[in-house]
Structure formats: C-alpha cells, structure tokens
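Handing you this structure, nothing more for now.
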C-alpha cells in the first residue's frame, strides 16, 4: 500500500497573521480520512525535524511508494513554499504540486508578473517597493500589497492609495510587517478565479467563477477557517471563458506547473488583467476555492484528491528533475 505524507503547517488562531495561509486542523483531518478512503496509508506531520527525518529515513527501495502533499507555508521567507518540493526532488520522493522553482517564482508576485507580461499576458504595471524612501512612479489611485504573501494577508481598504500622504502612511505601515510590497493601479472591477489541473502537456481548466465578497474587496478580514465567506458566481460569459481558458493554459504551460495551480484575474472595462498565480492553493473542503471549482464539474472532493495524487506519481515517473535523486538510490 502506498503512503501519503501530509506535510502541513496547522493554523494557529493565537498567531493569525503568521498562520493565515495554513490549513485548519479540521481540514487536514477531513483530508486524511478522505485519502485513507482511497486506499492509501496516511501520515500527518507538521514538525520540520519530524518531516525531514521521516523522509530521509524512508528506505531507498520504498521511496517511490510514498508521496508528500505539501501544505508547508512557513513565513518570512521567499522560498518557504519550495522547502518540501526541493527536499522531495533531492531525495527522489514523489510529491504533489509544482516543482520548487515554480513555487519560488509564483510566490514573488512582482517577478511573476514581469515574466508573464514578457510572454504577452496582460497585467497591470507594478512597482516594487523595498524602502520608505521609494516614491510612486505610477498614477493614483494605486493599490499596495505584500509581494510574497497569500490569503489576502496585509490587504484592507487602507491599501487603496489616492494621494502621496496615503502613500507615505501605508508604505511605512506595510514595510513594518513585510520586506517587500508592490504598488499597482487600483482596479475596481470584479475578480475572477481559475484553477488548472494537470501536468505539462495535459492541462484542464476547471469552471471559471467570479469571486464576490461582502465589502467588494478581497481582504484578510473576510478570511475564515470555519466557513466560506466569499461567494462564487459561475455566470461567466462564453467569450470571457474562452479568453480565460486560453490565457490560463498559456500561463500554466509557461510556468511548467504540475498538479494544480490557481490563477486570479481582474475584469476592468471589459479587459482581463492577471493579478497573481498561486502554486500552493488551499484544499480545504470548508473554505478553499479550488475544491468548489472542481465540484462544479460534478465530481467529488475525493476524486479531486485522487487525481492530484495520481498526477504527483506521474510527474515523478516522467520528469527529469527527479533523475539526480533517483541516481542516488
């Protein structure tokens, strides 16, 4: 029987700022039971030493019988989402999701936008800010956000910048918490979210939805670990679906994503702009978007997990990035 190691940071309500991206214990337990129902053994670990010692301790002849599902998010590091994929690649152990290189790039919103813009993907201009002395080189109104965070961390109504005074106040405040922030033109249109499932050469774009929030702004204040507070509207025109399908497929191909990614866009004056790419999206059955997009196809949560695990094993057997590790076995 094959074994799935759920490597996960568990959300801690006493430190919500640091652990907002982490999965809840309830979500991990539900996922564990669902994967067991698929015929796998499951090990759940959240301690770094236990994870690394367990992986390195797997007999070399058995490493292709394990697979790691990466829910390690960490904090304060530009490579935090790449810890597990890099370790698995080095030790020749299968894992779900994209390679460490993809994880590191997509965590950096600014570099991701620059790269994809160079390939013809439409996105807004951005300014990377590392110092309180940096002045805006874009026209107001602007929107400020952390460059390397997810789950709407650091996002509130105050991030909409209309003047230099606003800029000075919010840049100072943001840099107190985050090492880099980005400024981009403020877009007031609706947000859309797209999930892409599959490995390179065989991607499937799931049903596309608008993401609507109670206040109209997707911010950290509406994130919850007990319920899904946003609403998804699948009433997306065929013409817009065609554009987003093509663009999302192009993005997945350009990045070389594996398993799953989620891509967020803004619709502004009938034009679609890339916001960001998330290579480690949430998989909670309670509060995550990707499972809801999947279930819109008529398939179950268990089927989603089954497909993602199979894609991880497929990637391991076919991608050359694992070859160095395999040669050590």
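Coordinate-derived values only; no laboratory data. What you see is a predicted model, and the numbers here were worked out from it, not measured in a lab. Don't worry about glycine lacking a Cβ; one is built from the backbone with ideal geometry, like all the others, and counts go over all protein chains shown.
Using the per-residue mean of other Cβ atoms lying within 10 Å as a proxy for protection, in what order, highest first, do the peptides 62-70, 297-305, 91-99 fall?
91-99, 62-70, 297-305
Peptides 206-214, 120-128, 21-29: what's the order by average Cβ count within 10 Å, highest mean first?
Per-residue Cβ counts within 10 Å, averaged per peptide and sorted highest first, yield 21-29, 206-214, 120-128.
For the chain, what D do you get in µm² per second when you plug the Kirkwood radius from alpha-carbon pairs into Stokes-Einstein at 4 °C and 1.567 mPa s? It would help to have the intermediate numbers written out before the result.
Details: Rh = 20.5 Å.
My calculation gives 63 µm²/s for D.
For the chain, set up a GNM with springs between Cα atoms under 10 Å and report which of 202, 56, 284 has the largest fluctuation.
202
Here is a follow-up. Taking the convex hull of the alpha carbon atoms in region 237-329, what volume per residue do you get, in Å³?
For region 237-329, the hull spanned by Cα atoms encloses 133 Å³ per residue.
Same structure, new question: Over the chain, what is the relative contact order in whole percent, taking alpha-carbon pairs under 8 Å and six or more residues apart?
This gives 20 percent for the chain.
Then there is this: Measure nothing fancy, just the Cα-based angle from helix 238-255's long axis to the longest principal axis of the chain, in degrees from 0 to 90, nearest 10.
60 degrees
Angle check, please: helix 109-118 long axis (alpha carbons) against the longest principal axis of the chain (alpha carbons), in degrees 0 to 90, nearest 10.
90 degrees
Here is a further query. Explain nothing, just the number: relative contact order of region 127-185, from Cα pairs under 8 Å at least 6 residues apart, as a whole percent. If you can, show how the numbers build up before the last one.
Numbers: 85 pairs, mean separation 31.3, N = 59.
After rounding, I find 53 percent.
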